[in-house]
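Visitor: Input: one structure, supplied below.
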Amino acid sequence: MPEDDGYFDERVAARYDESSAEMFAPAAVDPVVDFLVELAGSGRALELGIGTGRIALPLARRGVSVHGIELSNAMVARLRAKPGGDDIGVTIGDFATTTVDGTFSVAYLVFNTISNLTTQAAQVACFRNVAAHLELEGCFVIEVGVPELQRLSPGETIRAFHVSETSWGLDEYDVARQGLTSHHFEIVDGGLERLSIPFRYTWPSELDLMAQLAGMRLRERWSGWKREPFTSDSRKHVSVWENRQPRR
Ligand SMILES: C[S@@+](CC[C@H](N)C(=O)[O-])C[C@H]1O[C@@H](n2cnc3c(N)ncnc32)[C@H](O)[C@@H]1O
């Protein structure tokens, strides 16, 4: 069971950057930052689940004022230890419900993190929370995988998403409740470590409906940060919803 820091506790935070090294490479980060700089314009950016600052730090270096919401003190400690990490405001809390001062021209939730909210109610609350922080016509950006149900053989519930000499990843589907548990196994210092994290997967259309409930509408949907077309074969989507509600 997660402690106060959730699943990204001290043990996970200590190895997060190393274990997600591909996602920290300039080839992965630069297109995200370019995309968000454009949407931020002269306004502020709000990152939900800011983690160790993979995107927030380079975005701030491009001159955008970034604020984060994050559950895990251990992840934020890693952000703080990096150059520029002390200059980024972070509010500790659940991004489905935590509020921060001021308004934002863009809010973003990347690297499948919307799926860390494991109920539909929490995901809907997240959209509503974001809308309450956005300026009129401000944007909410989500990067998340398309559920891989087409890749499951009939009756199967487990799919391997990573296999190497020293680590293995298995996704376990619970189709009845739109649940997905990612099991990570890794050999560390000669022993086998296991981490299992629950997710709730969503189809793009369900996220569009959540946006609608929150007073937002779809503006763009791509399969990647360089605005590659979203098609039936796309493995993930980058979606942008625009806030249509004037602030009261
Ligand atoms: C996959 S990591 C992504 C971190 C960072 N955005 C990145 O792209 O590297 C997910 C992050 O979201 C945080 N998180 C997950 N659920 C959360 C919630 N309900 N409220 C706040 N933070 C949450 C985790 O603690 C973790 O730091």
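None of the figures in this text is laboratory data; all of them are computed from the coordinates on show. Predicted model, so just to flag it, every value in this text is computed and none were measured. Using ideal geometry, Cβ is built from the backbone for each residue, glycine included, and neighbour counts are taken over all protein chains shown.
Visitor: Do any residues in segment 222-237 that are in contact (Cβ under 8 Å) with a residue 60 or more places away in the chain have Cβ atoms under 6 Å from those of residues that are of a type outside the set (G, A, S) and outside any loop (DSSP other than H, G, I, E, B), where the two are at least six apart or on different chains, and which pairs are they?
Guide: Final answer for the pair search is W225/P31; W225/V32; W225/F35; W225/V238; K226/P31; H237/P204; H237/R221.
Visitor: Sort through S223, S196 and tell me the only one that's of a type in the set (S, T, Y) and under 28 Å from L36 (Cβ atoms).
Guide: Selected residue: S223, the only one of S223, S196 that is of a type in the set (S, T, Y) and under 28 Å from L36 (Cβ atoms).
Visitor: Give the number of residues within segment 103-138 that are more than 10 Å from the ligand (Cβ to nearest atom), assigned to a strand (DSSP E or B) and closer than 30 Å to D171 by Cα.
Guide: Total satisfying the criteria: 1.
Visitor: Would you be able to tell me the number of residues in segment 152-171 that are in a loop (DSSP other than H, G, I, E, B) and closer than 20 Å to L192 by Cβ?
Guide: Looking only at that region, the number is 3.
Visitor: Take segment 218-241 and flag every residue that is over 18 Å from Y201 (Cα atoms), surrounded by fewer than 18 Cβ atoms within 10 Å (Cβ to Cβ) and not aliphatic (A, V, I, L, M).
Guide: Matches in segment 218-241: R219, E220, G224, K226, R227, E228, P229, T231.
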